[in-house]
Amino acid sequence: MSILSIQSLNKSFGEHNVINDLTFAVPENTIYGFLGQNGAGKTTTMKMVLGLLKPTSGSITVCGETVSYGETKTNRYIGFLPDVPEFYGYMKPMEYLVLCGEITGLDRKAVKLKSAELLSLVGLDKANKRIGGFSRGMKQRLGIAQALLNEPKLLICDEPTSALDPIGRKEILDILLSVKGKTTIVFSTHILSDVERICDHVAVLHQGKLVLNGTLSELKQSRQQEKMRMEFDSINDKERILSALAAQNIVPTKVETLEPSLEDLFLEAVK
Amino acid sequence: MRAFIAFTKKEITESARTYKLLIIFAVFLLFGMLNPITAKIMPELLSSLLPEGMTVTLAEPSALDSWKQFYKNMSTQLIIFVIVFSGVVANELSKSTLINMLTKGLPRKTVMLSKFTSATLIWTLGLLLCFATTYGYTVYLLPGKLPNIIFSVFCLWLFGVLLISVMLLGGVLFGNIYGSLLVTGGFSLLLMLLNIAPKLQKYNPYLLSSGNMSLLTSDMAAADFSFSIVITCISILFILIGALMIFDKKAI
């Protein structure tokens, strides 16, 4: 069953067509990577799913119910993490989650339990200060906590890792991975390595249309390439392979000596 | 209903923690004390300022002078109130703090009604504070019995509620503080302009903030305000419904 399905969705701002006849469905219990460049229409699509923006035409259903603009009925199935989540800076994280819980209609005792559980899941259980003093990474984690509060069937994350440092990114991805199975996650980003790390389904949005859609393994198989990468323990081995290739009259089109990536170095240095 | 209570509570917490409550209560209390005191010392002050040898007979200050100060200063207090609260809708829209709330299933109508309720509550408490202070000091400093005291302040209260609904409408329409202030200012100006036509005066909500002294001097009776009160109540209702409908259709 699809948790979210979008049928021939269109959205234009004035003359400018942002979404062009977009159709796709998100199967249950997947992490659905929603890729695209900046301005491809990812946020616009998500806001329409949440009923915050009015589609020019087309329909959206969440858990079998049609989304109608301006109403928030279908949002009870959804947890949403905005790209830059904004909170009431004068509140403490616990107070904020309790407010969110009361709005969703959970009873007070359950809200407190659930909030405490989520705060420790996202690692904010010791941050007992006003949200106004939070760093961006902390806000992002609180954002995940508030999105998971109503145990949503569908968790929509709009570029949750784009503004974070590599460690913050890894932590957010780990949290998302840990809730997989309990909830379906739609995860928009333009950071491809994040997608490879956690997503099992990928859709690529380009100029308001889907240009690629399928499971990650399917997509990778369909584009099997003649490329391979080898790593050796010693420089010697590398020389021998190259001479072996030469003996066989095989000429690689490209041979490259790999340097450690900056990410590897960074992660090692700040460990 | 639970969402409404939770969000209204949030609004009040916000007012307290962002010092809005403190500012309003401090200003209203200060004016409440100043009104009777100014009325009491005004004649002495004036005579001390006059050149020596010149005598002007000034009437003994009375309770009426104190209430005159009260209603005169109230227009300033209303302006301060509107400025302090002009951001309640605008800030949430411009900082997108509402997104988390709305995507949790909080109905948009509840947001507006909570904001209206909390602003009205604070206005009511502020006005009561100022009224009670002025009342107490006046009884002590300038005793005297006056008619319609409660009704007269009720009229002013209702006018304040009207301005609150206009302020919220402005915030919804423009999504920023200036829009909210401009709409409230423009609305007040419009009422004042309408007041030039004598035939319209008794229907004009403006009467509720300008005719208060006539009630105390018995130049006007409570019944003279009935049209204005009815029109004001209907206006509040329509402005609120309008704000709700526009907010429902607003892209956030």
| task | Answer rounded, prolate or oblate for segment B:144-205, using the Cα gyration tensor with square roots of eigenvalues a ≥ b ≥ c: rounded when a/c is under 1.5, else prolate when a/b is larger than b/c, else oblate. | result | oblate
| task | Using the 2.2 N^0.38 Å rule of thumb for compact globular proteins, work out how segment B:8-56 stacks up: its C-alpha Rg over that value, please. | result | 2.03
| said: Between B:SER214 and A:SER59, what is the label-point separation in nm under the 7 Å Cα-to-beta-carbon projection? | reply: 6.0 nm
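Given the convex hull of the Cα atoms of the protein assembly as shown, what is a quarter of its surface area in nm²?
Values: hull surface 146.6 nm².
Averaged projected hull area, Cα only: 36.7 nm².
Relative contact order, percent, of segment A:119-271 when contacts are C-alpha pairs under 8 Å separated by at least 6 residues?
15 percent
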| For segment A:90-171, rounded, prolate or oblate, judged on the Cα gyration tensor with a ≥ b ≥ c (square roots of eigenvalues), a/c < 1.5 rounded, else prolate if a/b > b/c? | oblate
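Go through A:LYS92/B:LYS10; A:LYS42/A:LYS73; A:LYS47/B:LYS115; A:LYS47/B:LYS249 and tell me which ones have a Cα-Cα distance over 20 Å in this structure. Intermediate results must be reported in sequence, preceding the final value.
Working: A:LYS92/B:LYS10 12 Å; A:LYS42/A:LYS73 22 Å; A:LYS47/B:LYS115 24 Å; A:LYS47/B:LYS249 14 Å.
Violating the 20 Å limit, Cα to Cα: A:LYS42/A:LYS73; A:LYS47/B:LYS115.
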| query | Given springs between every Cα pair under 10 Å in a Gaussian network model of chain B, which of B:LYS68, B:LYS20, B:LYS104 has the largest fluctuation? | reply | B:LYS104
| remark: Binned at 10 Å starting from 0, the alpha-carbon pair-distance distribution of segment A:36-157 in whole percents comes out as 13, 41, 32, 14, 1
| task | Please work out the average accessible area per residue across chain A, using the 1.4 Å probe convention, and give it in Å². | result | 54 Å²
| message | Given a 1.4 Å probe, show me the residues in segment B:79-104 buried by at least 20 Å² of accessible surface when comparing the whole protein assembly to the chain alone. | response | B:LYS95, B:THR97, B:ILE99, B:ASN100, B:MET101, B:LEU102, B:THR103, B:LYS104
| query | How about segment B:216-252: which of its residues lose at least 20 Å² of accessible area in the presence of all protein chains relative to their chain isolated, using a 1.4 Å probe? | reply | B:ASP248, B:LYS249, B:ALA251, B:ILE252
| Computed [θ] at 222 nm, helices only, for chain A once each DSSP H run of length n ≥ 4 contributes -39500 (n - 2.57) | -10500 deg cm²/dmol
| request: Would you please give the residues with an amide H less than 5 Å from that of A:VAL202, counting only those at least 5 places away or on a separate chain, with H modeled from the backbone geometry? | output: A:GLY33, A:GLY214, A:THR215, A:LEU216
| Across 5 Å bins from 0, what is the distribution of all Cα-Cα pair distances for chain B, in whole percents? | 1, 6, 12, 15, 16, 14, 12, 9, 6, 4, 2, 1, 1, 0, 0, 0
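I'm a student and want to see the number: the projected area of the Cα convex hull of segment A:1-59, averaged over all directions, in nm². Mind showing how you got there, number by number?
On the way: hull surface 16.7 nm².
For segment A:1-59, averaging the hull's shadow over all directions gives 4.2 nm².
Would you count, across segment A:194-268, every pair of lysines whose alpha carbons are under 24 angstrom apart, provided the pair is eight or more residues apart or spans two chains? Can you show the working numbers first?
Details: A:LYS209/A:LYS220; A:LYS220/A:LYS254; A:LYS227/A:LYS238; A:LYS227/A:LYS254; A:LYS238/A:LYS254.
So the count works out to 5.
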| Tell me, in nm to one decimal, what length is gained between B:LYS9 and B:PHE227 on full extension, where the rule is 0.36 nm per residue of separation less the Cα-Cα distance? | 75.0 nm
| request: Once you've got the GNM for chain B with C-alpha springs shorter than 10 Å, pick whichever of B:THR133, B:THR18, B:THR57 has the biggest mean-square fluctuation. | output: B:THR57
| query | Can you work out the FRET efficiency for the pair A:SER68 and B:SER94, with r the C-beta to C-beta distance and R0 = 25 Å, to the nearest 0.05? | reply | 0.45
| remark: Taking Cα pairs closer than 8 Å and at least 6 residues apart, the relative contact order of chain B in percent is 25 percent
| query | Angle, helix A:136-148 long axis vs. longest principal axis of chain A, Cα atoms, 0 to 90°, nearest 10? | reply | 60 degrees
| field | All Cα pairs of segment B:117-252, percent lying beyond 24 Å | value | 38 percent
| With a 1.4 Å probe, how much accessible area is buried between chains A and B, both sides summed, in Å² to the nearest hundred? | 2700 Å²
| field | Rg/Rg_ref, segment A:187-226, where Rg_ref = 2.2 N^0.38 Å and atoms are Cα | value | 1.19
| request: Could you list the square roots of 5 times each eigenvalue of the Cα gyration tensor of chain A, that is, the equivalent ellipsoid semi-axes, sorted largest first and rounded to whole Å? | output: 39, 26, 16
| query | Counting only protein heavy atoms and using a 1.4 Å probe, what share of the accessible area of chain A belongs to carbon plus sulfur, as a whole percent? | reply | 51 percent
| task | Write down the radius of gyration of segment B:132-180 and its Dmax, each obtained from C-alpha positions, in Å. | result | 17.1, 48
| said: Given the DSSP H assignment, sum -39500 (n - 2.57) over each helix run of at least 4 residues in chain B and divide by its residue total; what's the result at 222 nm in deg cm²/dmol, nearest 500? | reply: -25500 deg cm²/dmol
| Using every alpha carbon pair in segment A:1-107, what percent of pairs falls into each 10 Å bin from 0 up to the bin containing the largest distance? | 13, 40, 32, 14, 1
| query | Using a simple spin-label model with points 7 Å from Cα along the Cα→Cβ vector, what separation in nm is obtained for A:LEU121 and A:ALA247? | reply | 5.8 nm
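The values are calculated or read from the model by the stated rules, or taken from the named source; none is laboratory data. All values derive from a computational prediction rather than experimental measurement. Note that each Cβ is placed from the backbone with ideal geometry, even for glycine, and that neighbours are counted across all protein chains shown. Accessible surface is based on the protein model in full, side chains and every heavy atom, while ligands, DNA and RNA are left aside. Shrake-Rupley method; radii C 1.70, N 1.55, O 1.52, S 1.80 Å.
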